[in-house]
Amino acid sequence: MMCDIVVERSWHSENMTDNQLEPCIKLPLEDGVLADIVEKAKDWALMHGACMRSKLNFSKDSLQFAPFVLLPSTFPQKEFKKAVEIQIILNELVHKVAHDYEFLSSSLKSTIEVDKFTGSLFQIYETVHKEGITQTFSLGLFRSDYLAHSATNNNIKQVEINTIASGFGGISTHIPSLHRYILQELGHGDKVKNVPVNTALEGLCGGMLEAWKLFGDPNAVILFVVENITYNICDQRFHEFEIRRQNPAVIVVRRTLTQIADTAKLGKNMELIIDGLSVAVVYFRSGYEPAQYPSDNEWAARLMIERSLAIKCPSIHYHLAGTKKVQQALATPGILKKFLLDPAKVEALQEIFTGLYSLDLDEHGNRAANMAIMMPDGYVLKPQREGGGNNVYGEKIREVLQSMTDSPERTAWILMERIVPPVQKGYIIRPGGPKVPQMVNLVSELGIFGVIIGNSDTVIANQQVGYMLRTKLSDADEGGVAAGSGALDSPYLIQ
Ligand code: ADP
Ligand code: MG
């Protein structure tokens with residue numbers, strides 16, 4: 001999941017690649033030009049809602065612009081196209097995995113014994129599986145994330161796929177326009193054509209409306225399950241406003257899991273009813289991390305939603321299919337062809353996967369752990385968590401793995417080969433930043449949005465709908481938006 005712009009430590013400076021991409025225009029900019037364009041760009045961002053609520057001075061009455069990169073970041077067109085084209089195969093894969101009870105159970109078996117959170121999610125899955133599923137259709141609004149990998153000629157490698165609360169489709173839709181404006185103001189109007197159009201918001205909301213239509217009750221609402229405090233409010237509201245724009249008859253309500261626990265109930269046909277309103281679609285923007293379930297009440301709310309007739313985005317099985325443990329299981333040789341009959345699809349996916357290793361307490365797990373202990377800079381150690389800030393990098397990998405030798409706890413983690421993306425020069429603009437920002441080394445991560453609607457028998461929609469680009473300092477340690485290292489971006493496509 002990636003609801004926040006989170007920046008993780010990328011790699012140690014001694015491993016710094018000399019793989020550099022040329023920026024879209026000649027840099028550095030002269031100080032006067034820079035100061036002037038930064039001021040214009042900030043106002044553009046504020047006036048078009050490329051904003052978030054401040055964590056430091058939180059107020060529902062004000063916004064500040066979200067950190068952004070001044071110029072679009074160079075990205076190889078061939079790789080961008082590859083990511084776009086592969087999305088519908090990924091959607092299909094996740095859909096099929098989610099409907100394979102045996103595969104989900106066996107992949108998550110050892111993990112759920114030691115990871116309480118994943119265990120609780122799995123228990124909901126088991127419960128509805130045993131009771132019989134009321135609503136067979138699921139809605140997936142996925143985002144597959146990629147880094148270009150220096151070691152393989154800047155070919156993209158998948159970081160992860162998000163199946164719950166895939167954020168930034170709303171705000172990211174506006175960033176290409178920001179960048180086109182900036183390029184034009186700087187006298188580079190000829191370059192705007194290299195920044196691709198982004199229809200993520202339209203596509204994601206179109207998916208929610210299609211699910212709403214499938215539900216078939218003209219009076220039913222779309223329920224957004226939200227956090228107690230929403231910092232990324234613009235992104236969420238853009239979705240809400242776009243739904244209303246596409247179909248003014250559809251009402252969106254926002255509730256926290258705690259509110260749902262207090263006021264929602266199931267009707268006689270298992271309809272989810274909240275404050276007298278029947279719910280057609282439940283769109284989770286919360287519920288992906290343990291802190292979002294402060295008591296058993298929130299778990300009870302999640303179970304009630306899952307039992308209901310509402311179409312869930314995601315259903316519990318879509319959620320589980322997006323866990324890192326399942327991602328790792330899918331990278332096991334020979335597994336993909338179990339789900340995808342077309343060898344060309346299998347081959348395309350294998351090309352974007354990078355090394356993923358189980359850390360189960362067996363021969364394979366021991367070998368992987370030893371590999372990482374010997375060469376910690378070559379790997380990222382990941383627990384079953386979403387939302388950023390949980391992974392372990394560098395020397396710390398050695399420490400964490402050594403502390404878990406022979407401990408079942410290790411089975412809740414996976415090991416991933418470290419992707420080393422190309423670096424380029426640029427400027428990050430952040431709230432409270434200097435008038436004239438410093439030119440810095442940056443790396444970018446591409447996210448592609450996919451929409452799927454289906455059940456175990458049929459898939460009625462499967463689309464790629466748009467993208468996001470997030471950029472961070474090439475040598476940044478971990479930190480969120482408040483720390484100011486991650487920034488919204490758009491790609492400048494080159495041959
Ligand atoms: P989360 O669910 O917390 O978003 P991710 O797997 O996406 O977890 O990891 C968070 C961030 O860490 C990514 O956005 C990326 O910047 C970095 N990262 C993750 N895996 C790798 C990897 N294999 N190589 C390099 N960086 C990685
Ligand atoms: Mg992520």
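Worth pointing out:
- The residue pairs whose first member lies in segment 216-227 and is over 9 Å from Ala280 (Cβ atoms), whose second member is outside any strand (DSSP E or B) and of a type in the set (Val, Ile, Thr), and whose beta carbons are closer than 8 Å, counting only pairs six or more residues apart or on different chains, are Val225/Thr256; Val225/Ile260; Val225/Ile305; Val226/Thr256; Glu227/Thr256.
- Among the criteria (1) hydrophobic (A, V, I, L, M, F, W, C); (2) under 29 Å from Thr199 (Cβ atoms); (3) within 16 Å of ligand 2 (Cβ to nearest atom), the one Phe339 does not fulfil is (3).
- Lone unmet requirement of (1) more than 26 Å from Leu29 (Cβ to Cβ); (2) within 16 Å of ligand 1 (Cβ to nearest atom) for Asp475: (1)
- Extreme residue, most open to solvent (accessible area, probe 1.4 Å), among residues of segment 31-47 that are acidic (Asp, Glu) and more than 13 Å from Glu185 (Cα to Cα): Asp31
- When every residue of segment 394-403 is checked against the conditions, at least one turns out to be touching a residue at least 24 places away in the same chain (Cβ under 8 Å), open to solvent by 20 Å² or more (accessible area, probe 1.4 Å) and in contact with a helix residue (DSSP H, G or I) (Cβ under 7 Å, 6 or more places away or on another chain).
- Of everything in segment 136-158 that is under 19 Å from Asn462 (Cβ atoms) and away from ligand 2 (no atom under 16 Å from the Cβ), the residue that is surrounded by the fewest Cβ atoms within 10 Å (Cβ to Cβ) is Thr136.
- For segment 161-198, the set of residues classified as within 16 Å of ligand 1 (Cβ to nearest atom), at positive phi and not aliphatic (A, V, I, L, M) consists of Phe168 only.
- Failed item, numbered, when Val423 is tested on (1) open to solvent by 30 Å² or more (accessible area, probe 1.4 Å); (2) among the β-branched types (Val, Ile, Thr); (3) over 22 Å from Ser107 (Cα atoms): (1)
- Candidates Lys109, Lys82, filtered to the one that is of a type in the set (D, E, K, R) and in contact (Cβ under 8 Å) with a residue 24 or more places away in the chain: Lys82
- Asp377 being closer than 30 Å to Pro290 by Cβ, of a type in the set (Asp, Glu) and in a loop (DSSP other than H, G, I, E, B): no
- Search result, residues across segment 76-93 that are closer than 21 Å to Asn153 by Cα, open to solvent by 30 Å² or more (accessible area, probe 1.4 Å) and not hydrophobic (A, V, I, L, M, F, W, C): Gln77, Lys78, Lys81, Lys82, Glu85
- Within segment 345-355, considering residues that are touching a residue at least 24 places away in the same chain (Cβ under 8 Å) and open to solvent by 20 Å² or more (accessible area, probe 1.4 Å), the one farthest from ligand 2 (Cβ to nearest atom): Lys345
- Residue list for segment 94-129, restricted to those being of a type in the set (S, T, N, Q) and open to solvent by less than 20 Å² (accessible area, probe 1.4 Å): Ser107, Thr111, Thr118
- The set of residues in segment 215-241 that are open to solvent by 50 Å² or more (accessible area, probe 1.4 Å) and under 12 Å from Cys205 (Cα atoms) comprises Arg237, Phe241.
The values are calculated or read from the model by the stated rules, or taken from the named source; none is laboratory data. Every value quoted in this text rests on a predicted model; they were computed, and no experiment measured them. Note that we place each Cβ from the backbone using ideal geometry, even for glycine, and neighbour counts take in every protein chain shown. Just the protein is used for accessible areas: all its heavy atoms, side chains included, with ligands, DNA and RNA removed. Shrake-Rupley method; radii C 1.70, N 1.55, O 1.52, S 1.80 Å.
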